[in-house]
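Some notes on the structure that comes next.
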Amino acid sequence: MKKSILFSLIFILLSTISYILLNYEKNQKLQQHLNTKTKQFSQNYYVLYKEYQKLSEVIFNTKIDTLEVAKIFKDRDREQLHNHLKDTYSLLKQYNIKQLHFHLPNNESFLRFHRPNKYGDNLTNTRETVKYVNENKKQIDGFEEGRIYNGYRFVFPLFYKKKHIGSVEVSFSTLAMNIEFMDNYKVISNFMILKEKVDQKVFKSEKSNYVQSPFKKFYLEKKMIDEIAKHINIKKREPLSKNTQKLINDYGLTNKSFSTYDDVRKEIMTFIKVKNPISKKVVGIFIARSDANYIHNKTKDFITILSLLILFIAIVMVYIYKESIYKNNIKTNNKKLKAIFEEADSGIALMDLNGNFLEVNNIYSKLLGYSKDELLNLNCLELSTKNTKEIAKQIIKKAIKEGYVSKVRKECITKENQIVHLELSLTLLPSKDAFIAIVNSLEDKLQLENLNNNLQLEVDNAVEDLRTKDIMLFQQSKMAAMGEMIDSIAHQWMQPIGIIKMKLQIMKMDLDFNQLTDEKIEETATSSDKQIVHLTNTINEFRSFFRPNSKIEEIPLKAILDSSILLMQDDLIKNSIKTNITGNDTAVIKVNSSEFKHVIINIVNNAKDAFNDNNIDKENREVVFDIVTNADKTIFKIIDNAGGIPANIIGNIFEANFTTKEEGKGTGIGLYMTKQIVDKIGASIEVENINNGACFKIII
């Protein structure tokens, strides 16, 4: 046990070291890859920005920095300036020029070509680049948020005859930069703007152009989201991992650009910091999303190599462990085998293929009454009885041919010349030059077999006795019910007989007074006939109930119910008990109808006793028979409102001789026999208290 724990700890230690080293090497390479991505996309961004810078200078030098434009601007003729350059502006928009904006020396907006009617607002506190150019008379460029739009601003000073007259701005939208970046480098890109700058600078009427980004300090431009999605055909925005969100929220305003792997989007996200050209502070982030195939492959390689390394360590450790165990086992097995050989509960012997003993244990010697030395000079065939010697030879031949013979019975002769019964098993050794023989005494087993045979006979007799008792109990139950039934017959016959007797007396009176007519005779005969039919039906139902019948038949459950209610009718009326049949009245069950009636009558009789014992109001007494069927069973419920069965006895009511009635008033066999009848047809019966009453449920 200690050795296995030691080897397990060494395995865990080596596996952990392997994981740490491989994981460190993997993380180093992944970080190098991310650094390369950052450097690559930063260079791409810089190259594209320089192209815009060069284009803006060409536009300024060829289209704006002319004597005619300078004169119009000097004269502050806004309308003429707009008309003079509007065609040029239309042409410039094809080159993704977002804004062409003229400013006065005091930083006041003079003419926005993208919003001609919006001018006169002072930009000193919102446009650092405009202020810088007007103060220093030098051009400047960079990203800056404006009063309406943000963009890459290229601001130039304007002179007329070497006199400073103001400044002009040529700017490109971040959307244009994004689309060109995506087309050139086959990645997905976007741009986020510092929320603080938007809230500080943008006209209130223009703030609806921005929406919150996944990062709390930055906005996204609404139009840019839609245009980029349309450009790369994205219909759904994937969520960002919590790690990516945390990185931007924590390091978004630092100057260093970086790349990270987003494990939700399964891609590399590069965040290039964009700074204000004056303050040199981060005011935006350019985002490039690229595939992470290198990371995925490296991760797969890491898992594969780690798995193989751990498997190799496991194989080596298992081999070393088994080798050490094997060496220890070799030392101890010889001792154990010898101990087992000597201390086994069975007789064990080593014999050659002719049956000569080569080695025996103490039990083998005791079973046959010989010493070990005596047995080593004997052959096993010499110990067989005359009747079994030939059988013993066949056993040896079969063991040589098939490799083993298992648990054959054999008679042997002891040293005292007594016959012993043994159970023998022979197994051929892998070397096929000897047998292992195992023998056990059968004396106890033979006695047990005789005992079992006698016991089985006693069990069969007991079962037959129980069956006889059950039949007697059933008959006793029927006889117990017979007294009530006969009384019920008498009651049910009293009314029809009384009606017939009354009709005959009336007819005699009519005869005495000479008033007897054919119509009265006919009416008396018809009425009497109806009563006689009722008497006949009643006696037939009772006759079928008490007639012995073992026939199982398919019969409508409602027909059995109607017959049972008829048998109990007088008792039900006498005890003011109403009956109601609900559910599927077409259900058919396979039972002995006479016995099943007995089940219904037993349960209803118990309900009747409960109504009386619990003094239930006679106006409210009711027994409901509910029938539910499905594909493979019928559920038949008998529900009363007689107060229910006490919780302390509800679990015992189906036991034989169990009764709650006073001595002499109950047999205790009614519900016991009910369960026996239900069990006999393969059904089950359950009982529970519901709604101030008992519910017997029979599942057929």
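The values are calculated or read from the model by the stated rules, or taken from the named source; none is laboratory data. Please read these numbers as outputs of a predicted model, since none were measured by experiment. In this analysis, Cβ positions are derived from the backbone assuming ideal geometry, glycine residues included, and neighbour counts consider all displayed protein chains. Note: areas computed on protein heavy atoms with side chains; ligands, DNA, RNA excluded. Shrake-Rupley method; radii C 1.70, N 1.55, O 1.52, S 1.80 Å.
Two-decimal Rg/Rh of the chain from alpha-carbon positions, Kirkwood Rh? Show your work: numbers first, answer last.
Working: Rg = 54.5 Å, Rh = 39.8 Å.
That ratio is 1.37, to two decimals.
If you bin the C-alpha pair distances of the stretch 265-315 every 10 Å from 0, what whole percents do you get? Once binned at 10 Å, the Cα pair distances of the stretch 265-315 give 22, 24, 20, 17, 11, 5, 1.
Over the stretch 562-700, Cα pairs under 8 Å with separation of 6+ residues give a relative contact order of 25 percent.
Once R0 is set to 35 Å, what does the formula 1/(1 + (r/R0)^6) return for the Cβ-Cβ distance between Thr536 and Asp626, expressed as a FRET efficiency to the nearest 0.05?
For Thr536 and Asp626, the calculated efficiency is 0.65.
Sequentially through the stretch 261-270, phi angles give Karplus couplings (6.51, -1.76, 1.60; θ = phi - 60°) of 9, 8, 7, 8, 6, 6, 8, 8, 10, 9 Hz, Gly and Pro residues having no value and appearing as x. The gain in end-to-end length when the Asn657 to Asn454 segment is fully stretched comes to 70.0 nm, 0.36 nm per residue minus the alpha carbon separation. In terms of the mean number of neighbouring beta-carbon atoms within 10 Å, the peptides 2-14, 177-189 order highest first as 177-189, 2-14. Helix 443-512 and the longest principal axis of the Cα set of the chain meet at an angle near 80°.
Let a ≥ b ≥ c be the square roots of the eigenvalues of the Cα gyration tensor of the stretch 123-209; is it rounded (a/c under 1.5), or, if not, prolate (a/b larger than b/c) or oblate? The shape class here is oblate.
Checking the Cα-Cα distances for Lys93/Lys275; Lys118/Lys195; Lys71/Lys195 against a 30 Å cut-off, the pairs over it are Lys71/Lys195.
Points 7 angstrom from Cα along the Cβ direction at Glu25 and Ile225: gap in nanometres? The modelled label-to-label distance comes out at 4.5 nm.
With a Förster radius of 51 Å, plug the Cβ-Cβ distance of Ile681 and Lys366 into 1/(1 + (r/R0)^6) and report the FRET value to the nearest 0.05. Efficiency for this residue pair is about 0.30.
Projected label points at Lys697 and Ser431, each 7 Å from Cα along the beta carbon direction, are separated by 7.1 nanometres.
Packing around the peptides 400-410, 239-249, 98-108, taken as the average count of other Cβ atoms within 10 Å per residue, puts them in this order, highest first: 98-108, 239-249, 400-410.
Going by alpha carbons, how many degrees (0 to 90, nearest 10) lie between the helix axis of 593-613 and the longest principal axis of the chain? Between helix and principal axis, roughly 80 degrees.
So, in nm, how far is label Ser324 from label Ile497 when the simple model puts each one 7 Å beyond its Cα toward the Cβ? Reported label-point gap for Ser324 and Ile497 is 10.3 nm.
Which whole-number value in Å² is the accessible area per residue of the chain, probe 1.4 Å?
I get 57 Å² per residue for this part.
Classify the stretch 347-420 as rounded, prolate or oblate from the Cα gyration tensor: take a ≥ b ≥ c as the square roots of its eigenvalues, call it rounded if a/c is under 1.5, otherwise prolate when a/b beats b/c and oblate if not. Oblate shape, in that a/c is at least 1.5 and b/c is the bigger or equal ratio.
Computed from Cα atoms, the angle from the helix 78-93 axis to the main principal axis of the chain rounds to 50 degrees.
One decimal place: the segment Asn461-Asn297 gains 51.1 nm when fully extended, by the rule 0.36 nm per residue minus the C-alpha distance.
The amide H of Phe191, built 1.01 Å from its N in the peptide plane, has Ile287 as neighbours under 5 Å, considering only residues 5 or more places off or on other chains. By the rule of a C-alpha distance below 19 Å, with chain neighbours fewer than 8 residues away ignored, the lysines paired with Lys37 are Lys26, Lys29, Lys186, Lys256, Lys266, Lys273, Lys298.
Solvent exposure of Leu194, expressed as accessible area, is near 10 Å², computed with a probe of 1.4 Å over the protein chains only. Normalised by residue count, the stretch 39-147 yields a Cα convex hull volume of 118 Å³ per residue. Taking a label point 7 Å from the Cα of Glu554 along the Cα→Cβ vector, which residues of the stretch 581-597 have an amide N closer than 15 Å to it? Residues passing the 15 Å test: 586-592. Count Lys and Arg as plus one, Asp and Glu as minus one, and take only other residues whose Cβ is under 11 Å from that of Met351; the net charge is then -3. Here the Kirkwood formula puts the hydrodynamic radius of the stretch 567-700 at 15.4 Å, using every distinct Cα pair. Counting heavy atoms of the protein chains alone, Tyr364 has an accessible area of about 20 Å² for a 1.4 Å probe. Other residues with beta-carbon under 14 Å from the beta-carbon of Lys389 carry, at +1 per Lys or Arg and -1 per Asp or Glu, a net charge of +1.
Provide the net charge surrounding Ile581, with neighbours chosen by a C-beta distance below 10 Å and charges set as Lys +1, Arg +1, Asp -1, Glu -1. Taking every Cβ under 10 Å from that of Ile581, the sum is -2. How much length is gained if the chain between Glu390 and Lys618 is pulled fully straight, taking 0.36 nm per residue apart and subtracting their Cα-Cα distance, in nm to one decimal? Roughly 73.2 nm would be gained on extension. Seen from every direction in turn and averaged, the convex hull around the alpha carbons of the stretch 366-462 projects onto 8.2 nm². Enter the Cα centre distance for the pair the stretch 249-271 and the stretch 15-90, rounded to the nearest angstrom. So the separation of the two Cα centres works out to 20 Å.
Inter-part distance, the stretch 554-618 to the stretch 298-312, computed on C-alpha centroids, equals 76 Å. Atom-type composition of the exposed protein surface of the chain places 54 percent of the accessible area on carbon and sulfur (1.4 angstrom probe).
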